[in-house]
1. Run residue 284 past the list (1) closer than 26 Å to residue 25 by Cα; (2) buried (at least 17 other Cβ atoms within 10 Å of the Cβ); (3) at pLDDT below 80 and report the number of the one that doesn't hold.
2. Restricting to segment 20-49, count the residues that are of a type in the set (Val, Ile, Thr), buried (at least 22 other Cβ atoms within 10 Å of the Cβ) and either within 10 Å of the chain's Cα centre (by Cα) or under 18 Å from residue 247 (Cβ atoms) (or both).
3. Looking only at residues in segment 229-245 that are buried (at least 17 other Cβ atoms within 10 Å of the Cβ) and part of a loop (DSSP other than H, G, I, E, B), which one is modelled with the highest pLDDT?
4. Take residue 143 and decide whether it is assigned to a helix (DSSP H, G or I), in contact (Cβ under 8 Å) with a residue 12 or more places away in the chain and of a type in the set (A, V, I, L, M, F, W, C).
5. If you take the residues of segment 125-180 that are under 25 Å from residue 212 (Cα atoms) and among the aromatic types (Phe, Trp, Tyr), which of them is surrounded by the fewest Cβ atoms within 10 Å (Cβ to Cβ)?
6. Give segment 312-335 a look and list any residue that's closer than 28 Å to residue 246 by Cα and at pLDDT 95 or above, or say none.
7. Are any residues in segment 170-203 assigned to a loop (DSSP other than H, G, I, E, B) and either within 20 Å of residue 221 (Cβ to Cβ) or among the small types (Gly, Ala, Ser) (or both), and if so, which ones?
Amino acid sequence: MKCWLIVLLLPLCTMGQVNSDYKNLVFEGGGIRGLAYAGTIKVLEEKNIIQNIENCAGTSAGAIAALLISLDYSASEIDSILSNIQFQKFNDGKGGIAGKYKRIKQFYGIYEGKKLENWLASIVAKRTGSPSLTFKELHQLRLHDSRFKDFYCTGTNLNKQETQVFSRFSTPDLPITTAVRISVAIPFYYQPVFLDSNFRQLLKPQKNDYYQIMVDGGIMANYPITIFDTCLDNCNKPLSCEHLSRNNQTLGIKLERPEQIIADLSMNGATAPFEIKQFNQYTWAFGNLLMETLNRRNKNELEKGRTIFVSDGHLSPRVRKLKKKEKDLLIQNGIEGASIFFNKT
């Protein structure tokens, strides 16, 4: 399988080399498998691509990777941070089973997400001195120091039933940690984030309050590769636009099953079949079908020539503690995917 994958990727290597003047990076969501991005970022740094990047975007785990680059963390630092994330330690909230029931009934999620947001705040504070740094403030830092990048991430607005992009343009005064917390807010697992009409967070919303419920950006825009494209329909929403002008200065990184990478590169846009022999394979296949249905839109044309495909090693994205061999596999897959794209085998 691996040999065939390399052979199929080789025709696209030249396409990946056509434009070395990348200005935008986009990372797909992928749960705990996002550790693979540490390997990809290592290659991007070695090829001096990171230093020319101006904008970073991502969804869910991809938003965390994009945030770290935006804050000028090095590849080795990102490797250390992502390798040591223990998502299960973010499972917060008191009261045992009764507390979980109360939270999911009142706030629609088992875990509060406060520990996760506090961890994100520590990451931001270490680089900027401000745990509540906003999108606007990050942009001001970038104007004085090009090592910083403008940051974008996606969430899903359940009230409006649409993707919400968080950026210096749409939400300048929102703390970037809140935006990332939204982007990784797996429905029912983490409590959603409640925002008022001015995008200010409501920690304990009341029934009479007006609020927008924000959850995981991966529901509708798990791979926001078009976020820096130009919409030709005058709607200024490239993630949902039907007619786009591609931004060829955008480079995306996407996690896929090895079988799906082969299917993607065959240019037929088909979803690769699953072998289903066990219950966990059944649930994974079902979840994959839902995600592909919600996110697939002119898929090959939008991704072709500007996506680094990274094998997920057939690992599930569910929250759990990764074994060392699984971590090593993901990081190596990230290195190999980027190396193949740039014709370095």
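The values are calculated or read from the model by the stated rules, or taken from the named source; none is laboratory data. No experiment lies behind these values; they were computed from the predicted model shown. Backbone-built Cβ (ideal geometry, glycine too); neighbour counts: all protein chains shown.
1. (1) is the only condition that residue 284 fails.
2. Qualifying residue count for the region: 1.
3. 229
4. Spelling it out, it is not the case that residue 143 is assigned to a helix (DSSP H, G or I), in contact (Cβ under 8 Å) with a residue 12 or more places away in the chain and of a type in the set (A, V, I, L, M, F, W, C).
5. Out of the qualifying residues, it is 169.
6. Of segment 312-335, the ones closer than 28 Å to residue 246 by Cα are 312, 333-335.
Once the filter is applied, which keeps residues that are closer than 28 Å to residue 246 by Cα and at pLDDT 95 or above, segment 312-335 yields 333, 334, 335.
7. 170, 171, 174, 184, 185, 186, 192, 197, 199
Okay, residues lined up against (1) in a loop (DSSP other than H, G, I, E, B); (2) more than 17 Å from the chain's Cα centre (by Cα):
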site	(1), (2)
56	no, no
69	no, no
76	no, yes
79	no, no
88	no, yes
93	yes, yes
100	no, yes
104	no, yes
